[in-house]
Amino acid sequence: MAKLDILYFAWVREIIGCDSEQVDQPPAGVTVADLIEQLAARDGGYGQALGDQLRLRAALDQRFVPLDSLVGEALELAIFPPVTGG
Amino acid sequence: MAKLDILYFAWVREIIGCDSEQVDQPPAGVTVADLIEQLAARDGGYGQALGDQLRLRAALDQRFVPLDSLVGEALELAIFPPVTGG
Amino acid sequence: MSRVSIQEEGFDAGAELALLEAAGGGAVASFTGVVRGENDLVALELHHYPAMTAAQVERIVDEAMDRWPLLGVRVIHRFGRLKPGEHIVFVGTASRHRSAALESCAFLIDWLKSEAPFWKKEYFPDGGANWVEARVEDEAKARGWTR
Amino acid sequence: MSRVSIQEEGFDAGAELALLEAAGGGAVASFTGVVRGENDLVALELHHYPAMTAAQVERIVDEAMDRWPLLGVRVIHRFGRLKPGEHIVFVGTASRHRSAALESCAFLIDWLKSEAPFWKKEYFPDGGANWVEARVEDEAKARGWTR
């Protein structure tokens, strides 16, 4: 079965305690928000890191996307706080 | 009698062939434009340099002024083309 | 001259300016960001998303070259642990037109602030650390450039 | 650091940037103007009105410091005979806010272009010379900053 890499950055990474992990590709119709909600239900830091989606941004295959985007056939999902570069 | 220094810059200076000169302070009511018109009536390069006031700008005592400004008690009048610094 | 560098090491802003001047346009604008030492900051740690960062900054540079008549663009963004006074970011642009150089430089740094996948963590003398929060005005500024 | 220099000699733009970075604001913007070598230009001769230039540029710098929260401003404008590739002008600003640094830098160079009493004469290989004409857009740009 196809896999999806999930990457975490900044305090999302710190709280979850994990840089990246692999999950089964979600079925058609699943959005980034849906997936984050599933992950947030896990034990450990997941709830704290991913519980408040207003504080989160995401990228699919290295492109910023709104959280209501479909995951589709993307290979890589990144979840992180709003960026603070420059 | 009080004197007025007149300074010329850029092609105004080149055409007249003079950096600066002194004239008697003009009577009250005389504008920069009036004075330029008087100077333009002189022989030599004055007519060519000062005949077209649309091509000229002026400063009184080191402040840019419109040509219809009164000369008043200024000590220094500068006449030049639009600036091209920077 | 390479246009985009995402690097841990420092850079010489003067040398970067000189390269942009050599592009021949006559007008060079730059923005340099430096770590501020406020609140007794000990260090600033910049994290990024390596697979995404350079590609995304290249796209932003392409957009700038498309919108303004530029002869040269240089973007350097550092990551890793930086001390107060150290360079974080450099954006330089060269053009025949001063407004093109100035506007594209502002455009690029606004995008880097709001759209490049970097995150800053501040370290303080008591051992405390703090992730810098995004400022709403940065996201608003980047949107202001939308055509 | 002196704020305004009207000088015949050259300058080191990188050193000027470093001084502005040392002002501690974290955000430094700069504009550098360089003589373009177009049309086989041999030299550019910059004339100015010495009694007026420095005082007027100081006033412009005061206005910039009044309008934006700046920690440092540096303006260098050269006069005399300059060859292609040589620096003409440098404007640098330092602030805690990147928009203040960028906007004040643009404001200052727009003013220098349209309001500082400098005149440029171009010299060509055939011995010909030509006074540069002011561009209407430069006067319009400076007016755009009027409050």
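Every number in this text was worked out from the coordinates using simple rules, so none of it is lab data. Computed from a prediction, not measured in an experiment: that's the story for all the values here. No Cβ is skipped: glycine too gets one built from the backbone with ideal geometry, and neighbour counts run over all protein chains shown.
Rounded to the nearest 0.05, what FRET efficiency do A:A33 and C:R81 have when you use their Cβ-Cβ distance and R0 = 25 Å?
Efficiency computed from Cβ-Cβ geometry: 0.15.
Looking only at Cα atoms, what is the convex hull volume of chain C per residue, in Å³?
Convex hull of Cα atoms, per residue: 107 Å³.
Against the longest principal axis of chain D, how steep is helix D:98-115, in degrees 0 to 90 to the nearest 10, with axes from Cα atoms?
30 degrees
When chain D is turned about an axis onto chain C, which of its residues keeps its C-beta closest to that axis, and how many Å is it?
D:G14, 1
Rounded to the nearest Å, what's the spacing between the alpha carbon centres of region D:87-103 and region C:57-132? Just the number, please.
Cα centroid of region D:87-103 versus Cα centroid of region C:57-132: 15 Å apart.
From the P(r) of the protein assembly as shown, could you give the percentage of C-alpha pairs in the tail past 32 Å?
Distances greater than 32 Å cover 50 percent of the Cα pairs.
Between copies, how far apart are the A:L75 label points? List them in nm, one decimal, shortest first, with each point 7 Å from Cα toward Cβ, please?
Copy-to-copy label distances at A:L75, shortest first: 7.8 nm.
Taking each residue of D:95-106 in turn, how many C-beta atoms of other protein chains fall within 10 Å of its C-beta, and what is the average?
4
Residue by residue through C:109-119, how many Cβ atoms from other chains fall within 10 Å of the Cβ on average?
Averaged over the peptide's residues, the number is 6.
If contacts are Cα pairs under 8 angstrom and at least 6 residues apart, what is the relative contact order of chain D in percent?
33 percent
Which distances in nm, rounded to one decimal and ordered from shortest, link the label point of A:R55 to the equivalent label points in the other identical copies, with labels set 7 Å from Cα toward Cβ?
Between copies, matching label points for A:R55 lie 7.0 nm apart.
For C:D126 and C:A18, calculate 0.36 nm times their separation in residues minus their Cα-Cα distance, and state this gained length in nm to one decimal.
My answer for the length gained is 34.8 nm.
Quick check on my link table: of C:K113/C:K141; C:K121/C:K141; C:K113/D:K141; C:K83/C:K120, which ones sit more than 18 Å apart, alpha carbon to alpha carbon?
C:K121/C:K141; C:K113/D:K141
Compute the signed sum of charges (Lys and Arg +1, Asp and Glu -1) over the other residues within less than 15 Å, Cβ to Cβ, of B:P27.
So the environment of B:P27 carries a net charge of -3.
Starting from a label point 7 Å past Cα on the Cβ side, list the distances from C:S99 to the same position in the other copies, nm, shortest first.
Nearest to farthest, the other copies are at 2.1 nm.
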